[in-house]
Structure formats: structure tokens, C-alpha cells
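Encoded as C-alpha cells, the structure appears first; notes follow it.
The values are calculated or read from the model by the stated rules, or taken from the named source; none is laboratory data. Keep in mind that this is a model prediction, so the values were computed, not measured. When we count neighbours, we look across all protein chains shown, and the Cβ atoms used for this are built from the backbone with ideal geometry, even at glycine.
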Amino acid sequence: MASWFDDSSWPILKVRLPPYPSDEDLTHYFQLLASYRNRRQPYGLLMDVTHARSFSPTQRRMQAEYIRDGLPLSRIYLKAIAYVAETALKRGAITAIYWLVPPASPYQIFGQRAEAERWLAGQLGLPR
């Protein structure tokens, strides 16, 4: 689980979703993700969903609940989200989640990780 997260470039938190997380994995994932938000420091999130598969309906609901429950702190501290998603299907899935629960921060979806990192650094006022 810890390998899903890379905070070595804080205030950019890099997250790589695995192909088939279990519901239990996602519960722990959302708890760990919330722990970064609970630091109450401005940050940006780079979400690499390159290898992730579609979430089950239960997992999509878990994700929507995580987003909704965290909105008060995310509105203050989460400054931007950059997604790395190379397929139209994955981009559509991200968009669908935000139809259910609009994001608290600006977000963009990129096909390449380097593009996502540059955009996110710019959103945070960091050198690109």
C-alpha cells in the first residue's frame, strides 16, 4: 500500500493506483490519502491511473463518499489535481466521478506524467 504513495516531492503527493485493488485496499488507501489532507498544509495531488482498472460500483461509491466527506478541508488545502490517464475510457470515468461530487480544486487530465507534473507545479507556484 505504501508504494502507492510518494510524498518525496511534497507539497506534491504522487499516487499510483494498482490494477485491481480490493475494497479493503481502497478503505486503507482512502484513510492514508485523508491523512495527507489532515496535515492542513497546501498540496497538489498527482493521480496516476495508468494501470488502474475500473472501480466496481461499491468502489465508485466509496470514492464519491471520500471526496464528499473531505470537501471542507480539500477546499482549503488541496490546490490542484493532475490525473495521468491515457485512455478516453479512464478520462470518462474521472469525469463521471466529478459529476457525482464536483471537485473542490482545479483538475486536469493528461496522457503523460511529465505534462501532469509540470501543470501541477505551476498550479502550486513551484518551479517547473
Pairs with Cβ under 6 Å, 6+ apart, first in region 4-20 and without any contact (Cβ under 8 Å) to a residue 60 or more places away in the chain, second small (G, A, S) and assigned to a loop (DSSP other than H, G, I, E, B): L17/A52
Selected residue (criterion: farthest from the chain's Cα centre (by Cα)) from residues of region 99-110 that are of a type outside the set (A, V, I, L, M, F, W, C) and assigned to a loop (DSSP other than H, G, I, E, B): P102
Pairs, first aliphatic (A, V, I, L, M) in region 57-74, second not in a helix (DSSP H, G or I), C-beta under 6 Å, six or more apart: A64/V101; I67/V101; L71/A104
Hits in region 87-98 (condition: at pLDDT 85 or above and either surrounded by fewer than 16 Cβ atoms within 10 Å (Cβ to Cβ) or not in a helix (DSSP H, G or I) (or both)): T87, A88, L89, G92, T95
When residues of region 75-86 are limited to those that are in a helix (DSSP H, G or I) and modelled with pLDDT of 95 or more, the one surrounded by the fewest Cβ atoms within 10 Å (Cβ to Cβ): I76
Filter result for G70 (in contact with a helix residue (DSSP H, G or I) (Cβ under 9 Å, 6 or more places away or on another chain) and assigned to a strand (DSSP E or B)): no
Filtered residues of region 37-64 (kept if surrounded by 13 or more Cβ atoms within 10 Å (Cβ to Cβ) and in a helix (DSSP H, G or I)): R37, Q59, R60, M62, Q63, A64
